[in-house]
1. When you scan segment 46-99 for strands (runs of 3 or more DSSP E) that lie fully inside it, which ones turn up with 2 or more residues that are open to solvent by less than 20 Å² (accessible area, probe 1.4 Å) and polar (S, T, N, Q)?
2. Exactly one of (1) free of Cβ contacts under 8 Å to residues at least 12 places away in the same chain; (2) not in a loop (DSSP other than H, G, I, E, B) is unmet by T102. Its number?
3. How many of the residues making up segment 105-143 are crowded, with 19+ Cβ neighbours inside 10 Å, assigned to a loop (DSSP other than H, G, I, E, B) and in contact with a Phe, Trp or Tyr (Cβ under 7 Å, 6 or more places away or on another chain)?
4. Picking from S138, S85, S148, S161, which residue would you name as being at pLDDT 95 or above and more than 23 Å from L37 (Cα to Cα)?
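The values are calculated or read from the model by the stated rules, or taken from the named source; none is laboratory data. Computed from a prediction, not measured in an experiment: that's the story for all the values here. Here Cβ is always computed from backbone atoms with ideal geometry, including for glycine, and neighbour counts include all displayed protein chains. When the accessible area is computed, the model is the full protein with side chains, heavy atoms only, and any ligands, DNA or RNA have been set aside. Shrake-Rupley method; radii C 1.70, N 1.55, O 1.52, S 1.80 Å.
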Amino acid sequence: GVSLSLSPSTTSIAPNQTFTVNVVLNTSGQNAAGVDLNKLRFNSSMLQVVDSNTSVSGIQIAPGSIMPTNVANIVDNSAGTITFSQLTNPGTTYNGSGTLATITFRAVSSGTANVTLDFTPGSGIDTNVAGNGVDILSAVVNGTYTVSGTTTPPPPSYSQSSYYSQSSYTTPPPPTSN
């Protein structure tokens, strides 16, 4: 059936690194007239979307080339949501597999961040693929991204007792004058 997939669906990155995730549409031989990502959710405490178009106000993801008409492209880095909608030209449909959009994330803290599409089969008000006036989307592949490692090594840890034990601490001799 028709699917929307996050690609790659898993990856590991270090804090402060950026990585890209493609939203791939596969119509499985059916004709699609439009796609809504409503909404694509990400953990905003671990991931932030990097604006793909700084000449336009707000934060956007990068549209692919399979559908020409952008209806909505809104990123909320506070709430951790992406709303994105595209349509084919009137009277035309898209049939095939291709990248609907590309998201560039920056990892901001360590942990496992899930990126998920709100999806109920047959519901036209959440994430959907429109074909013949109905939602033909049958499956979504969500993503799980692991942020781990450190950008700067932590300071070495000393136990209080050994570091401050009087026996190993000696006072320097007083300076001598020539």
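1. 81-87
2. Of (1) free of Cβ contacts under 8 Å to residues at least 12 places away in the same chain; (2) not in a loop (DSSP other than H, G, I, E, B), only one is false for T102: (1).
3. 1
4. None of the other options fit; the residue is S148.
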